[in-house]
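Worksheet for the structure shown next.
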Amino acid sequence: MSTTKLEPEFKPRTIRYYGGKAKLADFIIEGLEKSGLKKGMSVLDGFTGTSVIAQELKHRGFHTFANDHLYFCYALADAHLAFNHQPTFRKLKLNVGVLEYLNSLKPKNGFVTRNYSPFEKCERMYLSIENANKVDAIRDQIEEWKDSELITKSEFNYLLASLIYAINLVSNITGTYGAYLKFWEGRSTKSLVLTPIDVSPSEFHNQAMCKDVVEAVSKQHYDFIYLDPPYNSRGYFSNYFFLEMVAKGWYDNIPIPQGVTGIPRNLEVRSDYSSKMEVSGAFQRLMNKCDAEYVAISYNNEGLLPQEKFLEILNDFGKVKLLTQEHKRYRSINQDGSNSITQELLFVVRKK
């Protein structure tokens, strides 16, 4: 009896990320399809985060755009969207694969080692000294290749994304980088290793951006715009500063680590969507600028804007449909596990 080999199920690559949509991707994209999204249409994921939804959209045959104002999120999205096959890095003319070359670099006591590992007088424990040495060596090499124009911008982001994924697997944290553990958790004792990023084929030239979301939604016309803004006052920069710092580097604008955690406030990026005073006006300005027939917004029943207020704002822009799904709350909000269910809200607006 002959058997048919099934294609492996697509699974977006992601990191531990507050508000991540990996487990809600089917609910969200099926909600968009029920609202009029068809294969081949152009879709912007305006607050892409770890790019889970953008990866899914590309894989499912949509002309995909992604945006985030944090550079490390942009790098992740670009790594998945810019290529329809594995990048070749042909200008480097290496005798081995590029990731193999980077994994074999001589360790370096650089910026990360001196400031975020227990090296010499530093007490911070985000990474082991061994892994911090690797991050310094790899990040410096990637920057040197970029400055020498031996890699393209998207190849640079692919390597940067590979490093971010690798750091995530060995970071000595509970889930965010707002604090480090005072003991070495199991994963943090493993060696950092870069691994290839799966690239989905596509008939489209898909694109990632690193812009303010208002600029991104008005840059061109899209069939659909999907928005997944912050729900509450938890700042994404302060919780993921380490990844943002690695992405931006320490070459032009040198980070200034402050306090016990070492958060470099001189790099801080704030969002009006995380401010109770600003969020209502921010959404009104954003909706006004969205150049699309349909705008879908993921929100949460515990967000800064109550559901009734959100509907009031959105009704001014068109006909609104609301889809809901219960799911588990992000664990670090409620460590004892009580009241662990929250409700995802998906508003879909057909603009007037």
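The values are calculated or read from the model by the stated rules, or taken from the named source; none is laboratory data. Keep in mind that this is a model prediction, so the values were computed, not measured. Neighbour counts run over all protein chains shown; Cβ positions are idealised from the backbone, glycine included.
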message: Pairs needed: first member in segment 300-323, under 16 Å from R350 (Cβ atoms); second member anywhere, among the polar types (S, T, N, Q) and in a loop (DSSP other than H, G, I, E, B); C-beta distance under 7 Å; at least 6 residues apart or different chains.
response: K321/S35
task: Output the number of residues of segment 75-113 satisfying the condition of being surrounded by fewer than 16 Cβ atoms within 10 Å (Cβ to Cβ), without any contact (Cβ under 8 Å) to a residue 24 or more places away in the chain and closer than 24 Å to S191 by Cα.
output: 6
query: Somewhere in segment 302-310, is a residue more than 16 Å from G19 (Cα to Cα) and modelled with pLDDT of 95 or more?
result: no
task: Just one of (1) in contact (Cβ under 8 Å) with a residue 12 or more places away in the chain; (2) over 26 Å from E144 (Cα atoms) trips up E30, so point out which.
output: (1)
task: Select from segment 15-66 the residues that are among the β-branched types (V, I, T) and either outside any loop (DSSP other than H, G, I, E, B) or surrounded by fewer than 18 Cβ atoms within 10 Å (Cβ to Cβ) (or both) and list them in ascending order.
output: I28, I29, V43, V52, I53, T64
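From the residues in segment 133-185 that are among the basic types (K, R) and over 21 Å from the mean Cα position of the chain (by Cα), which one is surrounded by the most Cβ atoms within 10 Å (Cβ to Cβ)?
Within segment 133-185, the first condition is being among the basic types (K, R), and the residues that meet it are 134, 139, 146, 153, 182.
Narrowing the set further to residues that are over 21 Å from the mean Cα position of the chain (by Cα) leaves 134, 146, 182.
On the way: K134: 28, K146: 19, K182: 8.
Only one residue fits best here, namely K134.
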- request: Can you confirm whether segment 141-154 contains a residue that is in a loop (DSSP other than H, G, I, E, B), at pLDDT below 95 and of a type in the set (D, E, K, R)?
  value: no
field: Criterion: within 9 Å of the chain's Cα centre (by Cα) and over 17 Å from C210 (Cβ atoms) - qualifying residue of V52, V43
entry: V52
query: Consider H69 against the criteria (1) over 24 Å from V320 (Cα atoms); (2) part of a helix (DSSP H, G or I): it satisfies all of them except one. Which criterion is unmet?
result: (2)
